[in-house]
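Below is one structure; the comments refer to it alone.
The values are calculated or read from the model by the stated rules, or taken from the named source; none is laboratory data. Owing to the predicted nature of the structure, the values given are computational and were not obtained by experimental measurement. With ideal geometry, Cβ positions are generated from the backbone for all residues, glycine too; neighbour counts draw on all protein chains shown.
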Ligand SMILES: Cc1cc2nc3c(=O)[nH]c(=O)nc-3n(C[C@H](O)[C@H](O)[C@H](O)COP(=O)(O)OP(=O)(O)OC[C@H]3O[C@@H](n4cnc5c(N)ncnc54)[C@H](O)[C@@H]3O)c2cc1C
Ligand code: FES
Ligand code: FES
């Protein structure tokens, strides 16, 4: 399990990365935390002829608040993000989701942007971005563009990134205070990719009616999906067992999972229903 | 029969002695196979078949051979020039068709992962580059992907000249099973399926072969549990005399039976070495391991049990199907056979009819994994007795107890093959149930249930056959190998002790336990004892190898015997020096003294000096110089240790997920040499069984492809999946083993699978769920829950 | 091979500086094992799951099978060989010996490095935190319980040592 040969380049910043990507074209790949790319290379399932290492870059590591948003640099290490007090307060889903993302040693190296760019449909961070309606900042030869999370992920391991574009950061709206959030995940073992994961955020108005509902699921389609139908079942109403059940059923109906060794499609769809209901209940309890 | 010789001094035996292996291993100073570099060494890699069944129509290695850094590329045709077929040492079924294969396929591949070609190159990176340049054309043949397909009447055949895919079949009768079932008040039965998994040591397999034709020697470093066997088999396959072969074993990063078996890689490395005139290291990598290390556990047992209404078991019958691979591995159908022989477990069952059918499929060869068939035997008797308890409305504890042989009934013949040496089964059961109470599990269960949680308590009783085994008996049942163990124990000229053993150290702490036994046997400080293993040139021959709980029992017994005789000689020399009668002397802490007069003493250093250097006037005329004893111990019978395991679990009825909360085991392995290490063996085995019970599975598709060939998909349990453990020991010495040890290396793996099922059933007792398939994954369990729920609704 | 593109890598491992030439594709694990002769770091899967290859890379625990040596150029690395204090086992190592936290020793290097970081970040962990903390290192021998006990006891011993040092002052 030794990787095939490649040429190694280390980029100083995001601009140089884009230049190198443009220079080398399709054969080049960005190397961030290496927690997904290097295993693929060791299995010889990925064989880039050039690796552009962005671990020495300094312009993509920041985690900061900006105008009601949390802005996270692509090179922020998952473990740093997990323990960042600003991030945890602004988006409590972050530490909760990251606790399910591999093991501490993987998160020590693995990056926020790497997980998004890798676009595993069962990964937690992409589902979180989708739930939160996050926006991704992508840099290419002709400048930057902003991509809403729901448009960023196209298929398993496929995003809208062009060969010479790099993900530099993402913005997540800060949730109003009093919002309850929850991550419910079913995985075979602690730290495994999810069979199904559900991200939920719920805010109730003074009459106890939901005025903010955000739901997304991972592992149930070729990309993480926002559960719009389920959200609309709940929005504006009181959250009782009937409406929660209806939302959970709507969520299950909206998912299109496939079979794999850890669960059949129908099992996964069932689990969407179970986990969505649990996530809504715990989000309400966590307010 | 030999009488039990209790070690006279037990300064160490029975104590939780810290391991002498540890400081080295804790500092990174262990030496595992991949840590060894020999001069001029190059590295190999094997090209493995990507398809399960095909004819090879063309292999072109020219591009690979041209790659800079490549020394040699070989195919099956190159290999057969020097090597015969891979050996099969167990032929347990009379007239069995034994399908053998060469280390590299010559014309047909019969499983994904079968070796097709091999490369030796400057390093592993280049060797893998070269593999990608080898071109092979495969002409696909119909695939027999699983057991049911193999048994189908119109099944494609793996071997054209066979009538079907059955390698062999045999039945063990006892009493009159048909009559018993005819007169039974209650019959319970089920089809039990344990899917495939493997030993999966964290260190993969590997070897370094140096076949130097000019020196006339094959020198091999091999990560094996059976160096002597490996040497004999290398000789057999390569037509070399044994004296020209040396096998050395480095530290083993776990063995678990997987490293008992003899693999094609050993032969491939040897041939590559001969070709390149260089030592060749050949390591299996993790990805390969799923298809190139012994597949195990893969069996179906269709069994039923007959009882009287009072709970007395009167019959057991059924058929066990072994899902063998495309060729037989080293141990043939040995483990499936053991699963049949042991499937009555600890219960007295007068009438039995037990059938084994060994079936070929396009899967990788079946082989050894700790437990060696017995985990599935345990599933049969422990599941059936619980189903019977349910049907009879009896307590599952009482039903077990009433069917045990009583202590007076030992030695007890179990019906098919094994005679259990001794035991207090009911006491052990009570020890476990009272521990469950003490730990408050019943309260936890009740309170949990009141809070709406599905908490279950599982029980399992197991027997473990160890001290494997009397050589002639093993030969008689079809083993082309022996079962004795030989030990050489030597005191040197400075009075320090070296014990040489043919057993392999693979993490179980053999060096420590042997040092404990030798130190006590001789009356010397443990620091004065050195254990040497792992070199066929300097260490004695052991029959079989390290497996079947042989190390502590047989090697231990040999140490007890040999050190006893050596001690007598030491005392005779001491008597000469002290001008005393040997019978009045004792030895402790390395000093020989007149009993009751400690000031009149000599040290073992004085004794050593007298036996090796200054003989004149010090060594009695009647004694030969040097201090060395050899003992060859071939047991009169195997040993049977046993235990009762209890497991506390929680089931999530909505997802089918199972959480293991706590685990305890009451255990009797005769005399325990080192409780700390004994508990470690039990815990490690249980964790492996929980892996098999809940997580680990080779999943195949209809083309015979394995879909779980990585650690992302083949799920070893991690620290968050395994519960805490609590052990309770009871000691009933093995009457026929000097030292009284019974062995416990496989206890955990045998006990731990069925107990998972028992606990899940208990958590879902209101639904009447009956778990019969392993691993019981969340989707599978949810299906059972749903089925039980809808049955409940319609009923 | 001479015609291959190689890079020169300099790392400081356990205080010792090592320099070697290698292909960019050489993993840090292989560099440590073959170029530095530090074979205490083990490879159990080479795809980031088993944790046997864990080292401290600039003080942060990392899988050395998922890092290329060239990426570690200039870095400070601690491997299992760097844990002992002189000729004495350190507190954590001693605790593993006392509580039988190892059998074959193959996962042990990774366990120790992972636990070293865990105890540095959380000197007072609960059993659950220890289990989660080491869940990324697979052990096939022990069943983990003895490892958990070893780490918990080491945490206790380290606390005792700190408070003793404190009261001595
Ligand atoms: C044992 C183990 C368990 C894991 N468990 C989980 C889990 O439960 N959940 C989960 O979500 N993940 C899991 N992962 C994956 C982990 O989270 C990875 O860190 C993540 O998927 C990729 O991030 P990285 O920084 O390591 O990226 P890399 O592996 O370096 O790169 C991944 C891909 O993204 C590209 N890329 C990286 N950064 C950028 C960028 N800024 N712009 C454009 N392209 C970029 C690379 O070219 C590559 O194609 C696990 C990994 C391991 C080894
Ligand atoms: S060898 Fe690196 S994680 Fe397994
Ligand atoms: S001690 Fe052997 S793998 Fe952990």
Residues (in contact (Cβ under 8 Å) with a residue 24 or more places away in the chain, away from ligand 1 (no atom under 16 Å from the Cβ) and either out of contact with any helix residue (DSSP H, G or I) (no Cβ under 8 Å at 6 or more places or on another chain) or facing chain B (nearest Cβ under 9 Å) (or both)) located in the range C:65-89
C:73, C:74, C:75, C:76, C:79, C:80, C:81, C:82, C:83
Counting only residues that are over 42 Å from the mean Cα position of the chain (by Cα), under 15 Å from residue B:523 (Cα atoms) and surrounded by fewer than 17 Cβ atoms within 10 Å (Cβ to Cβ), the range B:585-596 contains a total of 1
Please pick out the residue among B:673, B:706 that is crowded, with 19+ Cβ neighbours inside 10 Å and under 28 Å from residue B:150 (Cβ atoms).
B:706
Take residue C:62 and tell me if it is free of Cβ contacts under 8 Å to residues at least 60 places away in the same chain, under 10 Å from the mean Cα position of the chain (by Cα), more than 16 Å from ligand 1 (Cβ to nearest atom) and over 14 Å from residue B:25 (Cβ atoms).
no
List the residue pairs whose Cβ atoms are under 9 Å apart, where the first residue sits in the range A:166-185 and is assigned to a strand (DSSP E or B), the second is within 16 Å of ligand 2 (Cβ to nearest atom), and the two are 6 or more positions apart or on different chains.
none
In the range A:207-226, which residues are at pLDDT 95 or above and assigned to a loop (DSSP other than H, G, I, E, B)?
A:219, A:220, A:221, A:222, A:223, A:224
Among the residues of the range B:597-621, what is the count of those that are farther than 16 Å from residue B:523 by Cα and either in a helix (DSSP H, G or I) or free of Cβ contacts under 8 Å to residues at least 40 places away in the same chain (or both)?
12
Within the range A:147-161, can you find the residues that are more than 20 Å from residue A:36 (Cα to Cα) and within 15 Å of ligand 1 (Cβ to nearest atom)?
A:147, A:149
Is it the case that some residue within the range C:135-145 is away from ligand 1 (no atom under 16 Å from the Cβ), buried (at least 24 other Cβ atoms within 10 Å of the Cβ) and on the phi > 0 side of the Ramachandran plot?
yes
Under 6 Å between Cβ atoms, which residue pairs at least 6 apart in sequence (or on different chains) link something in the range B:235-258 that is more than 10 Å from every other protein chain (Cβ to nearest Cβ) with a partner that is assigned to a helix (DSSP H, G or I) and within 16 Å of ligand 2 (Cβ to nearest atom)?
B:250/B:33
Residue list for the range B:473-497, filter: out of contact with any strand residue (DSSP E or B) (no Cβ under 8 Å at 6 or more places or on another chain) and in contact (Cβ under 8 Å) with a residue 60 or more places away in the chain
B:474, B:477, B:481, B:482, B:483, B:493, B:494
Identify all residues within the range C:112-129 that are in contact (Cβ under 8 Å) with a residue 24 or more places away in the chain and farther than 19 Å from residue C:83 by Cα; write none if there are none.
C:124, C:125, C:127
Please report, ordered by residue number, the helices (runs of 4 or more DSSP H) entirely within the range A:5-89 with at least 1 residues that are away from chain C (no Cβ under 14 Å) and either within 16 Å of ligand 3 (Cβ to nearest atom) or out of contact with any helix residue (DSSP H, G or I) (no Cβ under 6 Å at 6 or more places or on another chain) (or both).
A:14-24
What residue, of A:127, A:194, A:117, is closer than 27 Å to residue A:262 by Cβ, within 10 Å of ligand 1 (Cβ to nearest atom), touching a strand residue (DSSP E or B) at 6+ places or on another chain (Cβ under 6 Å) and in a loop (DSSP other than H, G, I, E, B)?
A:194
Look at residue B:788 and say whether it is buried (at least 24 other Cβ atoms within 10 Å of the Cβ) and in contact (Cβ under 8 Å) with a residue 24 or more places away in the chain.
no
Checking residue B:229 against (1) surrounded by fewer than 22 Cβ atoms within 10 Å (Cβ to Cβ); (2) in a helix (DSSP H, G or I), the condition it does not meet
(1)
For the range B:475-499, how many residues meet the condition of being in a strand (DSSP E or B), under 14 Å from residue B:558 (Cβ atoms) and touching a helix residue (DSSP H, G or I) at 6+ places or on another chain (Cβ under 6 Å)?
4
Subset of the range C:90-119, residues away from ligand 2 (no atom under 16 Å from the Cβ) and within 12 Å of chain A (Cβ to nearest Cβ), comes to C:116, C:118
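For (1) surrounded by fewer than 24 Cβ atoms within 10 Å (Cβ to Cβ); (2) modelled with pLDDT under 95; (3) out of contact with any helix residue (DSSP H, G or I) (no Cβ under 8 Å at 6 or more places or on another chain), each residue gets a yes or a no:
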{"site": "B:326", "(1), (2), (3)": "no, no, yes"}
{"site": "B:335", "(1), (2), (3)": "no, no, yes"}
{"site": "B:353", "(1), (2), (3)": "yes, no, no"}
{"site": "B:363", "(1), (2), (3)": "no, no, yes"}
{"site": "B:379", "(1), (2), (3)": "no, no, no"}
{"site": "B:383", "(1), (2), (3)": "no, no, no"}
Got at least one residue in the range B:57-77 being within 27 Å of residue B:260 (Cβ to Cβ) and in contact with a strand residue (DSSP E or B) (Cβ under 9 Å, 6 or more places away or on another chain)?
yes
Of the residues that make up the range A:159-178, is at least one modelled with pLDDT under 95, surrounded by 20 or more Cβ atoms within 10 Å (Cβ to Cβ), on the phi < 0 side of the Ramachandran plot and out of contact with any helix residue (DSSP H, G or I) (no Cβ under 7 Å at 6 or more places or on another chain)?
yes
The condition of being at negative phi, within 16 Å of ligand 1 (Cβ to nearest atom) and more than 7 Å from every other protein chain (Cβ to nearest Cβ) holds, among C:27, C:12, C:19, C:54, only for C:27
I need a count of the residues in the range A:90-107 that are surrounded by fewer than 18 Cβ atoms within 10 Å (Cβ to Cβ) and more than 13 Å from chain C (Cβ to nearest Cβ).
1
In the set A:58, A:78, which member is buried (at least 19 other Cβ atoms within 10 Å of the Cβ), modelled with pLDDT of 95 or more and either outside the structural domain of residue A:144 (by TED's automatic domain parsing) or over 20 Å from residue C:23 (Cβ atoms) (or both)?
A:78
Would you mind telling me which numbered condition in (1) under 18 Å from residue B:299 (Cα atoms); (2) crowded, with 24+ Cβ neighbours inside 10 Å residue B:773 fails?
(2)
All positions within the range B:446-467 that are part of a helix (DSSP H, G or I) and free of Cβ contacts under 8 Å to residues at least 12 places away in the same chain:
B:446, B:447, B:449, B:450
